[in-house]
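Working notes, structure below.
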Amino acid sequence: QVQLEESGGGLVQPGGSLVLACVASGPIFRVNEMAWYRQAPGEQRKLVAEITSGGVTDYVDSVKGRFTISRDIAKNTVSLQMNSLKPEDTAVYYCAASVAGYFYWGQGTQVTVSS
C-alpha cells in the first residue's frame, strides 16, 4: 500500500512563508507526477501545483510567483515552498502522487494564514 505523509503546515501571518513536505512510502517502483492540492472550507479540492518525473512544473495562476514545487526522485519526496502567503491561501493542503496508474492522497495538513 502506497502511503503519503505530509508535514509542515501551521499558522502564519500574511506575507509569511511555509514549506510543506511530503514523502511517499510503500511498494513503489516509480512515482510519476506528484502534486499539491488544497481545499478551503466549503470549497472543492483544487490543484495548486504539480511536477512531473522530468521536473516540469505547473501552477494555478493564483500562486504563480509565490509558490515553488520541487521533488527528490530518489527519496520520493515533494515539497512546496510557499512565500508571500495571503489569507486566501488558508486551506487543508494535500499531497498527491501517481504511481503505476493509481492516484494516491495524503491525509492533509492545515495551513492557516491570519494575523
I73, I51, reordered so the largest accessible area comes first (probe 1.4 Å): I73, I51
K64 accessible area, 1.4 Å probe, all protein chains in place, Å² to nearest 10: 110
Enumerate the whole-percent occupancy of each 5 Å bin, from 0 to the last occupied one, for all C-alpha pair distances of the range 48-88. 5, 23, 32, 20, 12, 6, 2
Among residues other than V56 whose Cβ falls under 13 Å from its Cβ, what is the net charge (Lys/Arg +1, Asp/Glu -1)? -2
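Determine the per residue accessible area of the chain with all protein chains present and a 1.4 angstrom probe, expressed in square angstrom.
Working: 6280 Å² over 115 residues.
It amounts to 55 Å² per residue over the chain.
Determine Rg/Rh for the chain; Rg is computed over alpha-carbon atoms and Rh is the Kirkwood hydrodynamic estimate from the same atoms.
Using Cα coordinates only, the ratio equals 0.96.
What net charge is computed for the residues neighbouring Y94, neighbours being all others with C-beta under 15 Å from the C-beta of Y94, Lys and Arg scored +1, Asp and Glu -1? Before the final figure, lay out the partial values.
Working: positive: R38, R45, K46; negative: E5, E6, E33, E43, E50, D89.
Local net charge: -3.
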Cross-link partners among aspartates and glutamates for K46, C-alpha distance below 20 Å, same-chain residues fewer than 8 apart left out? E5, E6, E33, D58, D61, E88, D89
How large a share of the accessible area of the chain, in percent, is made up of carbon and sulfur atoms when the probe is 1.4 Å and the other protein chains stay in place? 48
Residue span Q81 to Q110: 0.36 nm per residue of separation minus Cα-Cα distance leaves a gain in nm of 9.0 nm
On a 1.4 Å probe surface of the protein chains, which of D72, D89 comes out largest in accessible area, and what is the full order? D72, D89
Contact order relative to length of the range 1-42, as percent, for alpha carbon pairs under 8 angstrom and 6 or more apart: 41
Spelling it out for S53: with amide H atoms placed in the peptide plane at 1.01 Å from N, the residues 5 or more places away or on another chain with amide H under 5 Å from its amide H are E33
Along each of its three principal axes, how wide is the spread of alpha-carbon positions in the range 1-66, in whole angstrom units, largest first? 39, 24, 24
Relative contact order computed over the chain (Cα-Cα under 8 Å; 6+ residues apart), in percent: 37
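The values are calculated or read from the model by the stated rules, or taken from the named source; none is laboratory data. What you are looking at is a predicted structure, and each value in this text was computed from that prediction instead of being measured. All Cβ positions, glycine included, derive from the backbone under ideal geometry; neighbour counts span all protein chains shown. Ligands, DNA and RNA are stripped out before the accessible areas are found, and what is left, the full protein with its side chains, is counted by its heavy atoms. Shrake-Rupley method; radii C 1.70, N 1.55, O 1.52, S 1.80 Å.
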